[in-house]
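Okay, structure first, notes after.
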Amino acid sequence: MRKQHKHNTRLIAWMACLLCSAEANHAQTLALGDNPDSSMPCDNFAAPVEVEFGSRRPVIDTLGWVVGIPQKLLLWDRRADNHNISPQTVQEVTDYIAYSGLQDVRVRVNQYDPIGNWDRLVENKRIAPGWKYTVGTLKQLQYIFLPGRIFGGDEYNPFTNTVNVYSDIPAMALAESAYGRDVHQRQYPGSYATAQMLPLVAMWHETIATDEVLTYVSIRGSSEQTQAIRDDLYARYGVSLGGEMGRLLPDGSLVFQVVGAVAGHATAAIENRQLSHY
């Protein structure tokens, strides 16, 4: 029975990759002032930031939406891993990237492009070859066989210098972009990024990214926006912490994530209530 389960899992993964493989051929590459889709207000971006959009694939995106249900419940937000990203979310992310001077970062919006991703890996001069072709290659294999277009999970990949966006929650992509800024500021980005993949060590950059985004939004946004972002960020942080604890104690992974999410929402509610009185 266990062998059959493993076989089915592999079959699903391979089918997902085959379904997604055609998607990259229809991706749009957009830059400042180049906007074939009028629904994406790229001409309003603060600076040229390269963004690529995956073509709409109703069957694949519906499957991804279903697979993302646990994340939606943990964050208590139906926009999590919904694979339908609004122009407003894209603009918030690109505005932050431009503000941070990270124009070499590429944003992939609900896209699956293994070949383009490999090219980004090879061309990335920030990461030493020793890290790129070992850990970076493993990340590339993860990208191929566990595609975010199906399995979700907004992520900054330091080895390809790319932000992958699958959720219509600005806080998610902003936090990943802030991780990109963190990596860019390190003297040895490959070593730093690799260390962040170790159990619990990842919470170092999660803490930095959370603080960075809150500071950025508090300066540029309204108090209402800051409160909403704080709730999303704290819930995300709690889920991430629970996931890291689950890597050490796999039997309690889901429990840790649920507790982390609840604690994150509760902490954000308390802070928002306290700050609203000032």
- request: Say whether the condition of being surrounded by fewer than 21 Cβ atoms within 10 Å (Cβ to Cβ) and in contact with a Lys or Arg (Cβ under 7 Å, 6 or more places away or on another chain) is met by at least one residue in region 226-236.
  value: no
- request: Name every residue in region 101-117 that is over 17 Å from Phe53 (Cα atoms) and in a helix (DSSP H, G or I), in order of residue number.
  value: none
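Of the residues that make up region 144-161, is at least one among the polar types (S, T, N, Q) and surrounded by fewer than 22 Cβ atoms within 10 Å (Cβ to Cβ)? Give the derivation first.
Here is the first cut: in region 144-161, the residues among the polar types (S, T, N, Q) are 157, 160-161.
Right, trim to surrounded by fewer than 22 Cβ atoms within 10 Å (Cβ to Cβ) and you get none.
Checked region 144-161: no residue is among the polar types (S, T, N, Q) and surrounded by fewer than 22 Cβ atoms within 10 Å (Cβ to Cβ).
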Residue in region 168-181 that is of a type outside the set (Gly, Ala, Ser), touching a residue at least 60 places away in the same chain (Cβ under 8 Å) and outside any helix (DSSP H, G or I) present: yes
message: Where the second residue is assigned to a strand (DSSP E or B) and of a type in the set (Asp, Glu) and the first is within 16 Å of Ile85 (Cβ to Cβ) and modelled with pLDDT of 95 or more and lies in region 100-121, which pairs have Cβ atoms under 6 Å and are six or more apart or on separate chains?
response: Arg108/Glu52; Gln111/Glu52
Residues located in region 227-262, provided they are in contact with a His (Cβ under 8 Å, 6 or more places away or on another chain) and hydroxyl-bearing (Ser, Thr, Tyr): Tyr234
- prompt: Of the residues Gly190, Gly246, Gly242, which is more than 24 Å from Ser100 (Cα to Cα) and at pLDDT 95 or above?
  reply: Gly242
task: Give the residues of region 171-207 that are over 17 Å from Asp154 (Cα atoms) and of a type in the set (Lys, Arg), sorted by residue number.
output: Arg186
query: Looking at Lys72, is it open to solvent by less than 20 Å² (accessible area, probe 1.4 Å), in a helix (DSSP H, G or I) and at pLDDT 95 or above?
result: yes
field: Counted residues, region 237-268 - those being open to solvent by less than 40 Å² (accessible area, probe 1.4 Å) and not charged (D, E, K, R)
entry: 12
field: Residues (closer than 17 Å to Ile115 by Cα and surrounded by fewer than 20 Cβ atoms within 10 Å (Cβ to Cβ)) located in region 125-138
entry: Tyr133, Thr137, Leu138
- line: Taking region 139-167 and keeping residues touching a residue at least 24 places away in the same chain (Cβ under 8 Å), hydrophobic (A, V, I, L, M, F, W, C) and assigned to a helix (DSSP H, G or I) leaves Ile144, Phe145, Ile150, Phe151
query: Do you know which of the residues in region 165-209 that are hydroxyl-bearing (Ser, Thr, Tyr) and buried (at least 22 other Cβ atoms within 10 Å of the Cβ) is farthest from Gly64 (Cα to Cα)?
result: Tyr179
query: Residue check: is Val122 within 15 Å of Asn161 (Cα to Cα) and open to solvent by less than 30 Å² (accessible area, probe 1.4 Å)?
result: no
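The values are calculated or read from the model by the stated rules, or taken from the named source; none is laboratory data. These numbers come from a predicted model, not from an experiment. Counting neighbours? That spans all protein chains shown, and the Cβs are built from the backbone with ideal geometry, glycine included. Areas reflect the complete protein model, heavy atoms only, side chains present, ligands, DNA and RNA absent. Shrake-Rupley method; radii C 1.70, N 1.55, O 1.52, S 1.80 Å.
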